[in-house]
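Participant: First the structure, then my questions, so here it is.
The values are calculated or read from the model by the stated rules, or taken from the named source; none is laboratory data. Bear in mind the structure is a predicted one, so any value in this text is a computation, not a measurement. So basically every Cβ, Gly included, is an ideal-geometry build from the backbone, and we count neighbours across all protein chains shown.
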Amino acid sequence: MVVFFANRDNLQSKRLHDRIRNRLDGGLTDVRRRRTEPREAGQYRVVGEGNPRQFLEEPDYSVTAARIEVGFRLRTGDPYEHYWFNWIEPDRDVLVGWHQDDTHDDLGPVHVQVNDGSAVVEHRPARFLDTHPLDVLERRLDALSDLVTAVEWDDGRPVGFDTSVESL
C-alpha cells in the first residue's frame, strides 16, 4: 500500500493528471492526458484503454475493449476535491464509476452510478475517501473490479447494482 503525505493545498492540476497518467501507463494502453470537453467539469481527464478480460482477471467477460477515465477538480467550493473515475465500455455504451462532486447531495459527497448510453440506470451512495488524490486513485483502482462486476444485467443491458455488494 502506498501512503501519500503530500500537502493537498499545493497540488497543481496538470502535474497531478500527469502523475495519474504515469500510474495508469503500466496496466493500460494508449494512456493520455486530455483537456476536458465543455460539458465536463475540471480541466483534465486521463484516459487509458485496456482489455477488460485481463484487467478484471475475468477470462469470460462479455467485451474485449474498455477504457478508464479519471479526472480531478482541485479547487471546489467544498473542503475536498471533486473527481470522476469511470469505466467505459464503448461496444455496449456503458459507463460505471465513482463521482465525488456536487451533483447528488442527497447521496452524500460521493456516489457510484451506472449508465446505459446517456441514461443513468442507478445512483448509489459510496464511501467517501478524504485523502490525497493519488491515494484515491489507488483505492479506486483496487476496488474497480468489484464495482464493475457488481453491475446487474438483463438481456444484455445494465439494470443497476447488486444490492448485496456494500463496499462500493
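Participant: Can you work out which of the residues in the stretch 1-34 that are out of contact with any strand residue (DSSP E or B) (no Cβ under 7 Å at 6 or more places or on another chain) and small (Gly, Ala, Ser) is modelled with the highest pLDDT?
Facilitator: Step by step, filter the stretch 1-34, then rank; the result is 26.
Participant: Are any residues in the stretch 139-165 touching a residue at least 40 places away in the same chain (Cβ under 8 Å), crowded, with 17+ Cβ neighbours inside 10 Å and within 15 Å of the chain's Cα centre (by Cα), and if so, which ones?
Facilitator: Within the stretch 139-165, 140, 144, 147, 148, 151 meet the criteria.
Participant: If you don't mind, another one. What number of residues within the stretch 91-109 satisfy the criterion of being buried (at least 17 other Cβ atoms within 10 Å of the Cβ) and under 16 Å from the mean Cα position of the chain (by Cα)?
Facilitator: If we filter the stretch 91-109 for residues that are buried (at least 17 other Cβ atoms within 10 Å of the Cβ), which is where we start, we get 92, 94-101, 109.
Retained after the next criterion (residues that are under 16 Å from the mean Cα position of the chain (by Cα)): 94-101, 109.
Residues meeting the conditions: 9.
Participant: If you don't mind, there's one more thing I want to ask. Any chance you could count how many residues in the stretch 30-74 are farther than 17 Å from residue 146 by Cα and aliphatic (A, V, I, L, M)?
Facilitator: Total satisfying the criteria: 7.
Participant: So, residue 46, is that one under 21 Å from residue 93 (Cα atoms), β-branched (Val, Ile, Thr), buried (at least 19 other Cβ atoms within 10 Å of the Cβ) and in contact with a strand residue (DSSP E or B) (Cβ under 8 Å, 6 or more places away or on another chain) or not? Walk me through how you get there before you give the answer.
Facilitator: Details: under 21 Å from residue 93 (Cα atoms): yes; β-branched (Val, Ile, Thr): yes; buried (at least 19 other Cβ atoms within 10 Å of the Cβ): yes; in contact with a strand residue (DSSP E or B) (Cβ under 8 Å, 6 or more places away or on another chain): yes.
Considered against the rule, which asks whether it is under 21 Å from residue 93 (Cα atoms), β-branched (Val, Ile, Thr), buried (at least 19 other Cβ atoms within 10 Å of the Cβ) and in contact with a strand residue (DSSP E or B) (Cβ under 8 Å, 6 or more places away or on another chain), residue 46 comes out as yes.
Participant: So, one more: Looking only at the stretch 101-118, which residues are within 18 Å of residue 76 (Cβ to Cβ), outside any strand (DSSP E or B), without any contact (Cβ under 8 Å) to a residue 40 or more places away in the chain and not small (Gly, Ala, Ser)? Walk me through it before giving the result.
Facilitator: If we filter the stretch 101-118 for residues that are within 18 Å of residue 76 (Cβ to Cβ), which is where we start, we get 101-105, 107-111.
With outside any strand (DSSP E or B) added as a condition, the list becomes 101-105, 107-109.
Keeping just the survivors that are without any contact (Cβ under 8 Å) to a residue 40 or more places away in the chain gives 102-105, 107-109.
If the condition is that a residue be within 18 Å of residue 76 (Cβ to Cβ), outside any strand (DSSP E or B), without any contact (Cβ under 8 Å) to a residue 40 or more places away in the chain and not small (Gly, Ala, Ser), then 102, 103, 104, 105, 107, 109 are the ones that fit.
Participant: Can you tell me which residues in the stretch 62-71 are surrounded by 18 or more Cβ atoms within 10 Å (Cβ to Cβ) and over 16 Å from residue 112 (Cα atoms)?
Facilitator: Within the stretch 62-71, 66, 67 meet the criteria.
Participant: State all residues of the stretch 79-100 that are charged (D, E, K, R), in contact (Cβ under 8 Å) with a residue 60 or more places away in the chain and closer than 20 Å to residue 34 by Cα; if no residue qualifies, say none. Working first, answer last.
Facilitator: Step one: list which residues in the stretch 79-100 are charged (D, E, K, R), which gives 81, 89, 91-93.
Remaining after also requiring in contact (Cβ under 8 Å) with a residue 60 or more places away in the chain: 81, 92.
Scanning the stretch 79-100 gives a single hit, 81.
Participant: Sort out for me the strands (runs of 3 or more DSSP E) sitting completely within the stretch 13-78 that have 1 or more residues that are touching a residue at least 12 places away in the same chain (Cβ under 8 Å) and on the phi > 0 side of the Ramachandran plot.
Facilitator: Working: elements: 29-35, 44-50, 66-73.
Output list reads 29-35.
Participant: Could we say that residue 122 is surrounded by 12 or more Cβ atoms within 10 Å (Cβ to Cβ), acidic (Asp, Glu) and touching a Gly at 6+ places or on another chain (Cβ under 9 Å) here? First the steps, then the outcome.
Facilitator: Values: surrounded by 12 or more Cβ atoms within 10 Å (Cβ to Cβ): yes; acidic (Asp, Glu): yes; touching a Gly at 6+ places or on another chain (Cβ under 9 Å): yes.
Spelling it out, residue 122 is indeed surrounded by 12 or more Cβ atoms within 10 Å (Cβ to Cβ), acidic (Asp, Glu) and touching a Gly at 6+ places or on another chain (Cβ under 9 Å).
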